[in-house]
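S.K.: Right, I'll just put the structure down here and ask away after.
The values are calculated or read from the model by the stated rules, or taken from the named source; none is laboratory data. Only a predicted model underlies this, so the values are computations on that prediction, with no experimental measurement involved. Note that each Cβ is placed from the backbone with ideal geometry, even for glycine, and that neighbours are counted across all protein chains shown. Areas reflect the complete protein model, heavy atoms only, side chains present, ligands, DNA and RNA absent. Shrake-Rupley method; radii C 1.70, N 1.55, O 1.52, S 1.80 Å.
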Amino acid sequence: MSSTASTRKRLARIFKSRGLTLQSTALDALLNVLSREHPSHNNADDALFAIIDEIKLRMEDAVSVGASRSQGVVTVSLLEEVVANLSRNGRDVAEEALQLLQAYSMPRLDYDPMRRTFDLVREPKSLVGEAIDKVSMFAQRYSLIHQRILRQDIFQKGGGGTHVLTPVKSLLGRSGRKFLLGMIVQVEEGKYYLEDHTGQVPLDFSQASLLTDGFVTENCIVLVEGEAVDGVLHVHHLGELICGSFLEERLIILDDALISITTSMEILYNLRFRHVAGSPIVENRSSAIQAIGLQNTDIFNSINSLSELEKERQQEIKHGQDGMFVVLSDVHLDNPAVLDKLEIMMEGYSDFTPLPIFIFMGNFTSKPLSASSDGGKAVMSYFEDLAGIICKYPKIAKEGRFVFVPGPNDPGITGVLPRGPIPNYFTGALRAKVKHAFFASNPCRMRFFTKELVFFRDDLVSKMRRHTLLQPRQEEEASTSMQRQLSRHAIKTVLDQSHLSPLPLSASPIYWQHDHALRLYPFPDAIILGDRVDQYYENYEECDAINPGPFTAGYNFVVYRPIGEIRKSETKSEVEFSQIE
């Protein structure tokens with residue numbers, strides 16, 4: 001009997017012992033794979049059992065989701081899929097783990113307050129909305145935060161809850177201080193109201209004590225303790241959104257001084273700050289996903305089951321540390337000095353293996369040019385100049401990945417969020433020369449293995465300072481600069497509000513049907529905000545908040561590694577601030 005015949009029988013017997021049947025053509029293909037890739041007997045057996053294990057796993061997954069696959073029969077196509085998957089190297093895995101999601105393609109997370117259920121809606125939406133879309137936009141913002149509040153222990157009915165949220169319409173005829181959750185709206189010039197799903201009531205801030213480190217602007221959703229007198233809600237305390245289960249663990253640290261405080265909001269505030277000075281109480285990403293459900297948070301349509309999540313985490317631990325994002329903001333391509341520094345940077349990264357992912361955020365010119373007579377041609381030439389610099393390094397031009405996020409003054413439809421990518425007309429030369437150049441929306445999201453990253457370019461700090469209704473509290477630490485404090489206020493505001501632009505629509509217009517592209521619920525793993533303020537890094541309830549700073553100011557940029565450190569199957573990010581001398 002020939003060696004090939006005996007090997008065929010042996011392989012068929014091994015598969016049969018595992019409950020599998022090899023088709024004849026699949027057996028021929030398997031013989032070819034084992035003989036070509038693994039000449040030694042031991043290596044061939046290792047590869048064989050790895051292939052069998054993967055086949056069994058795929059068949060079990062197919063059964064669990066109700067897919068039709070002949071039970072136990074191994075076909076050529078199945079074998080090819082398995083072999084291709086097992087043959088991937090770390091670079092292949094990392095590239096497949098990277099996914100870009102444009103704002104206009106993002107599915108919408110809806111909450112139904114009647115049924116108390118979440119739903120991830122993937123239907124496409126146009127830019128032109130109707131009046132009902134504006135109502136729905138604000139209703140969903142409110143409902144998503146309202147359900148978060150009601151799940152906290154202190155507001156649980158019949159579960160030991162110590163506080164009750166009072167709807168606006170229930171204030172009529174009731175005396176005494178009440179807790180309310182609502183959105184601050186300006187119904188007429190200079191007059192602000194608190195609005196919820198039941199109605200609205202005028203606000204009097206004259207005696208208000210602000211118990212939050214964030215900005216309070218029109219369209220913010222706030223937790224208020226106040227008393228209605230003659231149809232006006234007199235605000236005693238205006239606090240941040242209480243989004244985490246905290247009361248029980250903090251009661252053990254109460255002392256006589258805190259117990260003597262008389263008002264409920266003050267007690268909550270002091271509980272919070274007595275636990276960890278200045279630390280916010282929020283619902284982190286893992287807690288939110290647990291409440292919403294994994295399938296309803298799978299905006300990338302890539303990880304919709306626990307088994308897939310676990311497999312992706314294993315790949316993340318094995319290959320994720322190679323992933324690196326180099327992020328620059330305000331890259332003014334019309335400035336020759338900027339181009340010189342970019343060339344130095346490209347030279348420095350040209351020998352890296354693997355190459356980093358380059359994220360360039362606008363504005364890409366020092367002043368708006370697309371509206372001028374020769375502005376369009378000028379912008380085209382600037383991107384062509386950048387392509388010329390990249391092409392000086394063939395490896396980067398061929399293998400490097402570039403994502404361009406537009407700024408407020410870049411070509412295209414500006415002034416309304418989310419804004420689309422820079423039109424192809426301006427970027428054709430660069431896309432023709434740089435193989436992996438992607439022009440994204442603002443904001444956009446990226447998946448790196450299990451990590452979700454949000455990239456957003458906007459002048460947040462200046463907008464929030466301009467439109468704040470109440471000045472945020474100042475930190476007591478003398479070493480913290482005013483600019484750093486303002487940046488922290490802005491970070492806290494967008495994350496507490498779970499929205500990138502919780503501002504008046506007059507200051508930050510939004511396409512009503514695409515408001516969900518600006519929401520931050522659940523929190524992403526990282527939010528990279530391109531703002532015209534100094535560089536910063538903050539970690540807010542397991543969410544990294546990073547600003548690379550304007551590149552033109554000092555040729556600063558940031559290097560971000562989502563999987564920087566691994567300890568006991570837990571990953572930790574790394575942030576490095578860099579500068580080109």
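S.K.: Can you list residues whose amide H is under 5 Å from residue 441's amide H, if they're 5+ apart or on another chain and H is modeled 1.01 Å from N?
M.R.: When sequence neighbours closer than 5 places are left aside, the close amide H contacts are 103.
S.K.: Using a 1.4 angstrom probe on heavy atoms only, work out the carbon and sulfur share of the accessible area of the chain in %.
M.R.: Working: 13400 of 27170 Å².
C and S fraction of accessible area: 49 percent.
S.K.: On to the next question. So for 225, 218, 347, 189, what's the accessible-area order with a 1.4 Å probe, most first?
M.R.: The ordering from most to least exposed comes out as 189, 347, 218, 225.
S.K.: Straight distance only, please: which lysines reach the Cα of residue 392 with their own Cα at less than 17 Å, same-chain residues fewer than 8 apart left out?
M.R.: 341, 433, 435
S.K.: From largest to smallest, what semi-axes in whole angstrom does the range 500-581 give when each is the square root of 5 times an eigenvalue of its alpha carbon gyration tensor? Walk me through the numbers before you get to the answer.
M.R.: Values: eigenvalues 140, 88, 14 Å².
In descending order the semi-axes read 26, 21, 8 Å.
S.K.: Count charges around residue 141 for me, please; just the other residues with Cβ under 10 Å from its Cβ, Lys/Arg as +1, Asp/Glu as -1. Could the numbers behind the result be given before it?
M.R.: Working: positive: 519; negative: 515.
For residues surrounding residue 141, the net value is 0.
S.K.: Compute the Cα gyration tensor for the range 387-448, then decide on rounded, prolate or oblate, letting a ≥ b ≥ c be the square roots of its eigenvalues: rounded whenever a/c is under 1.5, prolate when a/b is larger than b/c in the other cases, and oblate in all that remain.
M.R.: oblate
S.K.: Using 1/(1 + (r/R0)^6) with R0 = 30 angstrom and r between the beta carbons of residue 75 and residue 317, what's the FRET efficiency to the nearest 0.05? Provide the component values of the computation, followed by the final result.
M.R.: Working: r = 32 Å, r/R0 = 1.06.
That gives a FRET efficiency of 0.40.
S.K.: Using only the alpha-carbon atoms, how far is helix 482-496 inclined from the longest principal axis of the chain? Give it as 0 to 90 degrees, nearest 10.
M.R.: The helix 482-496 is inclined about 70 degrees to the chain.
S.K.: Per-residue HN-Hα couplings for the range 569-581, Karplus 6.51 cos²θ - 1.76 cosθ + 1.60 at θ = phi - 60°, whole Hz, x for Gly and Pro?
M.R.: Couplings: 6, 10, 10, 9, 7, 9, 10, 10, 8, 10, 8, 9, 6 Hz.
S.K.: Using Cα pairs under 8 angstrom and six or more residues apart, how large is the relative contact order of the chain, in percent? List each step's numbers first, then the result.
M.R.: Values: 1022 pairs, mean separation 86.5, N = 581.
Value for the chain: 15 percent.
S.K.: Once phi is turned into θ = phi - 60°, what whole-Hz ³J(HN,Hα) does the Karplus curve with 6.51, -1.76 and 1.60 give for every residue of the range 552-562, x standing for Gly and Pro?
M.R.: Once θ is set to phi - 60°, the couplings for the range 552-562 become 6, 6, x, 6, 8, 8, 10, 10, 10, 10, x Hz.
S.K.: Report, in degrees rounded to the nearest 10, the 0 to 90 angle that the Cα long axis of helix 3-17 makes with the longest principal axis of the chain.
M.R.: That works out to roughly 40 degrees.
S.K.: Let me ask you something else. Take the alpha carbon atoms of the range 331-423, find their radius of gyration, then divide it by 2.2 N^0.38 Å using N residues; give the quotient. Before the final figure, lay out the partial values.
M.R.: Working: Rg = 14.0 Å, N = 93, 2.2 N^0.38 = 12.3 Å.
It is 1.13.
S.K.: Would you please give the residues with an amide H less than 5 Å from that of residue 499, counting only those at least 5 places away or on a separate chain, with H modeled from the backbone geometry?
M.R.: Result for residue 499 returns 520.
S.K.: Averaged per residue, what accessible area in Å² does the chain show with a 1.4 Å probe, protein chains only? Don't skip to the answer; put the middle values down first.
M.R.: On the way: 27170 Å² over 581 residues.
Counting only protein heavy atoms, the per-residue value for the chain is 47 Å².
S.K.: Mind scanning 318/451; 125/169; 367/463; 191/463; 125/451 and naming the pairs with a C-alpha gap bigger than 22 Å? Provide the component values of the computation, followed by the final result.
M.R.: On the way: 318/451 15 Å; 125/169 33 Å; 367/463 19 Å; 191/463 20 Å; 125/451 26 Å.
Exceeds cut-off: 125/169; 125/451.
S.K.: Which residues' amide hydrogens lie under 5 Å from the amide hydrogen of residue 359, considering only partners 5 or more residues apart or on another chain, with H built in the peptide plane?
M.R.: 326, 327, 328, 403
S.K.: Looking at the range 181-221, what % of the alpha carbon pairs are farther apart than 11 Å?
M.R.: Details: 549 of 820 pairs.
Cα-Cα pairs in the range 181-221 separated by more than 11 Å: 67 percent.
S.K.: Same structure again: Could you state the angle between the C-alpha long axis of helix 424-433 and the longest principal axis of the C-alpha atoms of the chain, as a value from 0 to 90 degrees rounded to the nearest 10?
M.R.: Long axis of 424-433 versus the principal axis of the chain: about 40 degrees.
S.K.: Residue-wise, which Karplus ³J(HN,Hα) couplings in Hz belong to the range 357-363, taking 6.51 cos²θ - 1.76 cosθ + 1.60, θ = phi - 60°, and x for glycine or proline?
M.R.: Per-residue couplings from phi come out as 8, 8, 10, 9, 10, x, 6 Hz.
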